[in-house]
Amino acid sequence: MASIQSVIEDVKDSVQDSAHRLEGKAAIEASKAFVKGQKKMTALLAEQQNELRDIRQDLKKLRKQRKSGGGFPWTLVLLAGGAYALYRSNAGIRDQIDGLLGRVDPGIKGNLTRAGDAVKDAASDVMDGKSPVDAAKRAGGELQRAGEKALDGAKDTAADLKQDAQAKAKDLKDDAQNATKGN
């Protein structure tokens, strides 16, 4: 029979052998896990590289589009030229455009044009059996604004004439004083 000492030595040797084998297996498993992680990382980097390549291509396309879109707006010039030619050659369109511009005019003429439109609307309302009060109020408001603008213009003109008359009177007074000093 083997002594206890030899049994302990055998057990110790077998534990050490098992530990070495487990270390080897653990190292192999760790290496496999590392390789697997490296494969995943490589695949991810390849995918990102492809996406970056696509983004660069899109940017190049956008730059080309932006460069070609710049420059002189020939389409706008041609459109404006065509509209002007139509305005000059067609009296009906010319009248419509002049009427629209008259309505947009912020001056007295625009107010009178809008007042006329409001009177037409009032007449139309009466013909349709509706109340013309709103249209009449609009016409009155436009006429009032036209009157205010005319009055302001007259006041400005009167003030300008007054200043001119005062300046001329001063000039005459100065000329008269200079003439008397000279005698």
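Of the residues screened, LEU172 is not one that is closer than 30 Å to GLY99 by Cα and not small (Gly, Ala, Ser). Scanning region 108-133 for residues that are over 23 Å from ASP98 (Cα atoms) and either surrounded by 16 or more Cβ atoms within 10 Å (Cβ to Cβ) or not assigned by the TED database to the domain that holds GLY147 (or both) yields a count of 2.
Out of region 64-93, which residues are at pLDDT 80 or above and either among the charged types (D, E, K, R) or in the same structural domain as GLU148 (by the TED database) (or both)? Answer for region 64-93, where residues must be at pLDDT 80 or above and either among the charged types (D, E, K, R) or in the same structural domain as GLU148 (by the TED database) (or both): just ARG88. Can you say whether LEU86 is surrounded by 10 or more Cβ atoms within 10 Å (Cβ to Cβ), under 35 Å from the mean Cα position of the chain (by Cα) and either part of a helix (DSSP H, G or I) or of a type in the set (Val, Ile, Thr) (or both), as far as the supplied structure shows? For LEU86, the condition - surrounded by 10 or more Cβ atoms within 10 Å (Cβ to Cβ), under 35 Å from the mean Cα position of the chain (by Cα) and either part of a helix (DSSP H, G or I) or of a type in the set (Val, Ile, Thr) (or both) - is met.
Among the residues of region 156-169, not a single one is surrounded by 11 or more Cβ atoms within 10 Å (Cβ to Cβ) and either assigned to a helix (DSSP H, G or I) or at pLDDT below 80 (or both).
The values are calculated or read from the model by the stated rules, or taken from the named source; none is laboratory data. Since the structure is predicted, the reported quantities are computational estimates derived from the model, not experimental observations. Please note: Cβ atoms are built from the backbone with ideal geometry, for glycine as well, and neighbour counts cover all protein chains shown.
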